[in-house]
Amino acid sequence: MVLISVARDYIGRMLQDISGMKVLVLDSHTVSIVSVVYSQSQLLQKEVFLVELVDSMSKESMTHLKAVYFLRPTSGNIQHLRRQLANPRFGEYHLFFSNILKVNQIQVLADSDEQEVVQQVQEFYADFVAIDPYHFTLNMNMNHIYMFPAVVDPPSSQSFCDRTVDAIAAVFLALKRRPVIRYQRTSDIAKKIAQETAKLMYEQESGLFDFRRTEISPLLLVIDRRDDPVTPLLNQWTYQAMVHELIGIQDNKVDLRNIGKVAKDQQEVVLSSEQDLFFKANMYENFGDLGMNIKRMVDEFQQIAKSNQNIQTIEDMAKFVDNYPEYRKMQGNVSKHVTMVTEMSRIVEERKLMLVSQTEQELACNGGQVAAFEAVTNLLNNEGVSDVDCLRLVMLYALRYEKESPVQLMQLFNKLASRSAKYKSGLVQFLLKQAGVDKRTGDLYGNRDLLNIARNMARGLKGVENVYTQHQPLLFQTMENITKGRLRDVDYPFIGNHFQQGRPQEVVIFIIGGTTYEEARTVALYNAANSGTRFILGGTVVLNSKRFLRDLEEAQKMARSNNAL
């Protein structure tokens, strides 16, 4: 519950201390921050009768309403406020900012409030989107910027870093902790963000971060997505990750408008472990078990529906009316999950994903270059396999065998280019340039380190429970290394003279370039199984393979126009 409860608590405090009818004014970032922790009905309970965006507000005067603003402290938002305070529409203004305000910003607000309508100005540090209890994101727009040296586009690079540092700072302010900071040595952007975060926490705002010391400091580890490019390229077979991969999740909402005949109230559905008990129980289940559990839920609902048809007395009728809202809610929930699983089954069949995924998992988890080359070639020759799936297969092969089989790799590049004019092989080479073996720190395939080789052999001998979910993200190994005190200083240096004594009990791992729901699942299951250390995962966006490929394409375009990489 950590992050969700912290964010919900902040928003609850904003709203409950101000009595009467309210309008909540948000910006394009805070609307996501609020929507993942507060439903519309919960806002209504707090007497919020209107939600507006700060950059597109109506001119109508509503002096009977109290305005609660919750905004990021950006110069754009301060300018909007300045104009709105000059000609106030509401009776009272209560201003809350999601991060640290600069002194000159406070001055601008004070100067603008000539009519003295501002009742309070506060900093509430919910500057992150808490999609799950241990998983937050930033919904970064220009996410591909992390792939470039800062000199390519200094303003974009700096605003990317600033937004990331702000969010990490807010997470620790919300948790009331100041961490020791480590970063991935091979990543320039990880180093820059770690250094700027340390500067903020230990120099510029050291008073703000001066919390009561814990015996062992928490750890912030800043790492780069390019150290594990395999995880975002794989098809997923557990519920939450699979929905994001095949349909897409944005701020815990799923858009079903493009799926056949869907009831009007089901065109956008909420998929949140906080608001949906079935989803909470099944979000990490594999597709096979999920199907069985949905069937059970449908059977239970049919039993209830049958008993509702059997209304014979006035008491029966009264009972049905009392239970009707719950019945409607259950009906909506059943129909939501059935719609999504039916759609995913259709996509799996249409794109032959069972076949494709088996080869993907082999490429990610097991050695054997000759068999891998044959399997990928067969799939490239299969007309039923989509172009984008072929591209991902070649990428996975290239990441694993770039040094071992350059000749076969060229053959696959040529085959890919001849199959589809859209996907020229340049994108695969660009991926290798960004995230090839020479650029990576971690032991991605478990074949560098003796301990990992032994562990993989043991796993191979035991056999795999499910061929489609055998892959483990590199993040799992990183968490194990932190827990056991094996994360090497040479690969993940500390910032400044702050070192870790003993095993940290709280760890925030931030992935520049984005997280995946497979990694979020790994963190949640790890936390449930190990009581000693609690991990929180954060990233600039939540990736699926589509978004990861889009970021690569954007970066490749930018590289070509700059000749930078």
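For the range 385-481, which fully contained helices (runs of 4 or more DSSP H) count at least 3 residues that are modelled with pLDDT of 80 or more and either among the hydrophobic types (A, V, I, L, M, F, W, C) or out of contact with any strand residue (DSSP E or B) (no Cβ under 7 Å at 6 or more places or on another chain) (or both)? Give the derivation first.
On the way: elements: 387-401, 406-419, 426-435, 450-462.
Filter on the range 385-481 gives 387-401, 406-419, 426-435.
Name, by its number, the condition in (1) open to solvent by less than 10 Å² (accessible area, probe 1.4 Å); (2) in a loop (DSSP other than H, G, I, E, B) that does not hold for Phe70.
Against the list (1) open to solvent by less than 10 Å² (accessible area, probe 1.4 Å); (2) in a loop (DSSP other than H, G, I, E, B), Phe70 comes up short only on (2).
Mind checking which pairs have a first residue in the range 161-180 that is over 17 Å from Glu506 (Cβ atoms) and a second that is at pLDDT 95 or above and assigned to a helix (DSSP H, G or I), Cβ under 7 Å, 6 or more apart or different chains?
Here the result reads Cys161/Lys192; Cys161/Ile193; Cys161/Glu196; Thr164/Ile193; Val165/Ile193; Val165/Glu196; Val165/Thr197, each pair linking the range 161-180 to a residue that is at pLDDT 95 or above and assigned to a helix (DSSP H, G or I).
Can you list residue pairs whose Cβ atoms sit under 7 Å apart, with the first residue in the range 521-544 being within 13 Å of Asp132 (Cα to Cα) and part of a strand (DSSP E or B) and the second being open to solvent by 30 Å² or more (accessible area, probe 1.4 Å) and not charged (D, E, K, R)? Count only pairs 6 or more apart in sequence or on different chains.
Final answer for the pair search is Phe535/Tyr134; Ile536/Tyr134; Leu537/Tyr134.
Which of the residues spanning the range 17-42 are open to solvent by 20 Å² or more (accessible area, probe 1.4 Å) and either without any contact (Cβ under 8 Å) to a residue 24 or more places away in the chain or more than 16 Å from Glu123 (Cα to Cα) (or both)?
Correct list: Asp17, Ser19, Gly20, Met21, Ser28, Val31, Ser35, Tyr38, Ser39, Gln40, Ser41, Gln42.
Looking only at the range 63-80, decide whether some residue is farther than 30 Å from Ser272 by Cβ and in contact with a strand residue (DSSP E or B) (Cβ under 6 Å, 6 or more places away or on another chain).
Checked the range 63-80: at least one residue is farther than 30 Å from Ser272 by Cβ and in contact with a strand residue (DSSP E or B) (Cβ under 6 Å, 6 or more places away or on another chain).
Looking only at the range 197-216, which residues are closer than 20 Å to Val507 by Cβ, of a type outside the set (Val, Ile, Thr) and open to solvent by 40 Å² or more (accessible area, probe 1.4 Å)?
Residues of the range 197-216 that are closer than 20 Å to Val507 by Cβ, as a first pass: 197-198, 200-202, 209, 211-216.
From the residues that got through so far, the ones that are of a type outside the set (Val, Ile, Thr) too are 198, 200-202, 209, 211-213, 215.
Those that are closer than 20 Å to Val507 by Cβ, of a type outside the set (Val, Ile, Thr) and open to solvent by 40 Å² or more (accessible area, probe 1.4 Å): Tyr202, Phe211, Arg212, Arg213, Glu215.
Out of everything in the range 82-98 that is in a loop (DSSP other than H, G, I, E, B) and at pLDDT below 95, what residue ends up being surrounded by the fewest Cβ atoms within 10 Å (Cβ to Cβ)?
Step one: filter the range 82-98 for residues in a loop (DSSP other than H, G, I, E, B), giving 87-89, 98.
Among the residues that remain, those that are also at pLDDT below 95 are: 87-89.
On the way: Asn87: 9, Pro88: 18, Arg89: 18.
Here the residue is Asn87.
Of everything in the range 93-112, what is within 16 Å of Thr63 (Cα to Cα) and without any contact (Cβ under 8 Å) to a residue 60 or more places away in the chain? Give them in sequence order.
To start, the set of residues in the range 93-112 that are within 16 Å of Thr63 (Cα to Cα) comprises 93-94.
Across the range 93-112, the qualifying residue is only Tyr93.
Sort out which residues of the range 360-384 are open to solvent by 20 Å² or more (accessible area, probe 1.4 Å) and assigned to a helix (DSSP H, G or I), and write them in order of number.
Taking the range 360-384 as the starting set, the residues that turn out to be open to solvent by 20 Å² or more (accessible area, probe 1.4 Å) are 362, 365-371, 373-375, 377-378, 381-384.
If the condition is that a residue be open to solvent by 20 Å² or more (accessible area, probe 1.4 Å) and assigned to a helix (DSSP H, G or I), then Glu362, Cys365, Gln369, Val370, Ala371, Phe373, Glu374, Ala375, Thr377, Asn378, Asn381 are the ones that fit.
Six or more apart or on different chains, Cβ atoms under 6 Å: show the pairs whose first residue is in the range 365-389 and farther than 20 Å from Asn544 by Cβ and whose second is open to solvent by 30 Å² or more (accessible area, probe 1.4 Å) and not in a helix (DSSP H, G or I).
Gln369/Glu404; Gly384/Lys352
In the set Asn293, Asn286, which member is at pLDDT 90 or above and within 23 Å of the chain's Cα centre (by Cα)? Outline the logic, then answer.
Values: Asn293 fails: within 23 Å of the chain's Cα centre (by Cα).
Selected residue: Asn286, the only one of Asn293, Asn286 that is at pLDDT 90 or above and within 23 Å of the chain's Cα centre (by Cα).
The values are calculated or read from the model by the stated rules, or taken from the named source; none is laboratory data. All values reported here derive from a predicted model rather than from experimental measurement. In this analysis, Cβ positions are derived from the backbone assuming ideal geometry, glycine residues included, and neighbour counts consider all displayed protein chains. The protein model used for the area step is the full one, side chains on, heavy atoms only, and it has no ligands, DNA or RNA in it. Shrake-Rupley method; radii C 1.70, N 1.55, O 1.52, S 1.80 Å.
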